[in-house]
Amino acid sequence: MGVEMISQWFLRFGVLFAIVGMCLGIYMAASHDHTLAPVHAHINLVGWVTMFLAGLYYTVRPDSDGKLARIHLGLAVIGLLILAPGLTGVMLGYLSWGEPLAGIGSVLTLGAMLLFAYIVFTAPRRVRA
Ligand code: HEM
Ligand code: HEM
């Protein structure tokens, strides 16, 4: 098979972000420094939970795979890869670059979810077609 199914990519990124989030969680617990808790929370929730759920969705609805699903993946991954460092900057007090990155990352992350909402809402139509 040439092009991999989109579900596989979402599931892969989901477990990778779970590993990164858990490492940060263990570091916070071990160091007793919870400053980066919001970064940990969002790598786990926007990365692991949300991406793995999308992967499960595309597994049961392979008809939703396509160009839009690939844009969804790109927006979601790039969004979190900008949001997480941005949030880190904000939490550590580097507002000059932290806030713009967090802002851009949030908007991309929201964009990914809006696109996913469109894909989910229009899925029944694709199955009937
Ligand atoms: C190895 C696994 C994990 C470890 C060691 C860990 C550790 C921690 C620690 C030390 C905090 C800071 C608590 C505080 O300051 O109040 C925290 C917060 C948090 N963790 Fe984890 N965590 C792990 C996995 C996860 C996973 C898998 C999720 C989500 C799916 C998650 C979601 C959260 C959330 C949402 C918070 C923020 C809670 C708040 O600030 O109110 N964690 N975690
Ligand atoms: C565009 C995406 C998102 C943005 C910009 C965002 C932003 C934020 C901000 C600014 C906070 C307050 C952090 C603090 O002051 O401690 C927060 C807290 C939190 N968010 Fe999000 N969030 C997003 C998506 C999500 C999603 C998808 C989930 C769950 C699936 C989630 C779960 C939480 C939780 C559990 C907290 C409390 C944990 C904490 O304070 O560390 N967020 N979020």
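Remarks
- Choice from Leu114, Leu11, Leu75 showing the highest fluctuation, given a GNM over the chain with Cα pairs closer than 10 Å: Leu114
- Simple rule: put +1 on each Lys or Arg Cβ and -1 on each Asp or Glu Cβ in the chain, find the dipole, and look at Pro85, Pro124, Gly74; the Cα lying farthest toward the positive end is Pro124.
- By the count of other C-beta atoms within 10 Å, a proxy for reagent exposure, Val120, Val39, Val77 are ordered fewest to most as Val120, Val77, Val39.
- Distance between the 7 Å Cα→Cβ label points at Arg126 and Leu16: 2.3 nm.
- Under the convention that each Lys and Arg Cβ holds +1 and each Asp and Glu Cβ holds -1, the size of the dipole of the chain around its Cα centre is about 540 debye.
- The shape of the chain can be summarised by an equivalent ellipsoid whose semi-axes, obtained from the alpha carbon gyration tensor, come to 31, 16, 10 Å from longest to shortest.
- Residues Leu45, Leu108 arranged by fewest to most Cβ contacts within 10 Å: Leu45, Leu108
- For the chain, the mean residue ellipticity at 222 nm estimated from helices alone is -27500 deg cm²/dmol, where every DSSP H run of n ≥ 4 contributes -39500 (n - 2.57) and the total is divided by all residues, rounded to the nearest 500.
- For the pair Met28 and Tyr94, label points projected 7 Å from Cα toward Cβ lie 1.9 nm apart.
- Ranking of His32, His42 by count of other Cβ atoms within 10 Å, fewest first: His32, His42
- Prolate/oblate/rounded label for the stretch 38-86 (Cα gyration tensor, a/c 1.5): oblate
- Helix 95-128 axis versus longest C-alpha principal axis of the chain: approximately 20°, rounded to the nearest ten.
Where a number appears in this text, it was derived from the coordinates with a stated rule and is not lab data. Bear in mind the structure is a predicted one, so any value in this text is a computation, not a measurement. Heads up, the Cβs are rebuilt from the backbone with ideal geometry, glycines too, and the neighbour counts pull from every protein chain shown.
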